[in-house]
1. When a footprinting reagent is the concern and you count Cβ atoms within 10 Å, what order do His433, His540 take, fewest first?
2. Under a point spin-label approximation (7 Å from Cα along Cα-to-Cβ), what is the Leu549-Lys255 distance to one decimal in nm?
3. Give me the extension gain from Gln400 to Ile169: residue separation times 0.36 nm, minus the current Cα-Cα distance, reported in nm with one decimal.
4. Using a cut-off of 17 Å between alpha-carbon atoms, which lysines can reach Lys255, once sequence neighbours fewer than 8 places away in the same chain are excluded?
5. Once the cut-off is 26 Å, how many percent of the Cα-Cα pairs in the range 296-440 end up in the long-distance tail?
6. Using the structure shown, select from Lys211/Lys430; Lys159/Lys334; Lys276/Lys392; Lys216/Lys313; Lys216/Lys430; Lys269/Lys543 the pairs with a Cα to Cα distance greater than 25 angstrom.
7. For a Förster distance of 30 Å, can you work out the FRET efficiency between the beta-carbons of Glu314 and Glu378, rounded to the nearest 0.05?
8. If I model a spin label at Gln132 and Gln103 as a point 7 Å from the Cα along the Cα→Cβ vector, what separation in nanometres do I get?
Amino acid sequence: MSTADLGSIVKDSRSRSRSRSKSRTQPPSRSSSGTRRPSLSGKRSLSSSSLTKIVVTPTNIDSERSIPTVDVTLDNSLPLDFFKQDLLVLIKTLKISKWHKRQLTVSNIFVNRISGALTNSIYKIEYYDHHQNLRLPSLLLRVYGKNVDELIDRDVELKTLIKLSSKRIGPRLLGIFTNGRFEQFLEGFRTLGKLDIRDQVISQMLGRRMKDLHYKIELDSDDLSSPLPNSWKLIYKWLDLFEREYLQTFIDNGKDPKDVFFVDFQAFKQLVFKYKEWLFKKYDETNFSNNYRFCHNDTQYGNLLLHESFNPKEIVNSDQENDEDVAIATTSNKRDNNLVVIDFEYSGCNIPAVDIVNHFSEWMSDYHDETQSYYIHEEKYPNQIEQLNLIKSYIEYDFQFPSSNLITKTKISLEQGNINASDLIEFEIKKLHNECVFWRSTVQIYWTLWGLIQNGPIKSSSLISNSTVEQGVDSTYTITTNGIDNLNINDNITVEEAITSSDDDFDYLKYSQQKVALIMGDFIQFGFLTKDNIDEKYHHIIKTLDTGLFDI
């Protein structure tokens, strides 16, 4: 399907609201959870001997900087008081700046769970001693989630973080332990929400920030020689892993894989391969790796921070500020550093269109929904003007030609005498828009498999022990519940809110099913199958997005 030219689209979209979203995300808080565990009120004091048990080794960033690293696992399922004591041990052992030389007490540490992160547990760690009027710089604590060893190569992630740190991109790394790390907490920034990313000015800023990442962070030679970008490397890996280790547990426990895939797994896998072959043939296959760039690959709103002082009026072209005839305003890049992209766990070699359409796909999610955080609202996918708003900003900023070697029927080269800059830019905008349509299913396949592996194998229910022995950083804790509902509260025992949150109850299986609903909607429109190939009971779940293309 062809569309009107870009100029016509811009002029005919005057009804689009240009007001900046007023929504605000709630400040970080420790979310209550359905699971509560008793916390003993008795405190342990730290001794120098407890710190000498842990060996610290440096992880080098460059010739002058290194990050202290320890082979220690932090258990964030411990009762809060014990968790805080383990934090103190790690902070002192890793010699976290501004913290480790102080005489710290557990009662003055505040642990706030930051919601919205699905792969990890993320906390804001604060210290405030009211009596001494002492407040220390806040820390960000990241504890890796379950099943992530199959999802994330932590060695590769660390190399990426070191590369970014050497270029002063992202928060500083302060200390690393086996299943997590301490980072600089970026004061004065707030996490964006589901409405913020729809704001026209913020969306343009993000387009430029993506371009910086894509073209200013170098790829390794191994990446450039790979026949597949990271997204497809992981799709192949996760398809195989699911089939070998997870699929049978569905069947053994009475679960029908069709409830996720809408067809049997083998048929789904063949559809994925058919789509991949169709997709790659749209490029000059002999130089396919020329399209690779360093991509973030997870630009959901929870990974985007905006400085609280940001005022969009400062960067909007003053001549257009009150012009209702302009559907896409022009903004400057002078405050782009007010928008920070964090969490590079899934970053790496990819196609820029994947990064962009992944962000568009995140417009459909509301991870803070109290009852259906897994649900994908297809009607909230950005319309064409909203897509072009970001894409135009991306293409125009630090203009690159060609942006990819996508095969088009229109042949444009810089050697053409009659080509002008505006025509060249418009062509690249249309081309990138089409690529986003083509690569959209790659994004959904990737996160479908991610959700299934993050969920883990389907297991039958088992009895929970009333008594557990858990290893802390430098001590072993014995925690006895004996039926928490019948626990008698007295002077010696209190019940603390768990430092887990509703994020831990995220329904990964339903999330994966929602992603498949998008895949099937696109696959039907691309002609890979018909609705009749899918059991009728799943027809109402299929989600259909616009697959319209520019005729170039």
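Since every read-out is calculated from the coordinates, none of them should be taken as a lab result. The model shown is predicted, which means the values in this text are computed figures rather than measured ones. Positions of Cβ are backbone-derived with ideal geometry, glycine not excepted, and every protein chain shown enters the neighbour counts.
1. Starting with the residue having the fewest Cβ neighbours, the order is His540, His433.
2. 3.6 nm
3. 81.0 nm
4. Partners within reach: Lys459, Lys510, Lys537.
5. 36 percent
6. Exceeds cut-off: Lys159/Lys334; Lys276/Lys392; Lys216/Lys313.
7. 0.30
8. Each label point is offset 7 Å from its Cα along the Cβ direction, giving 0.7 nm.
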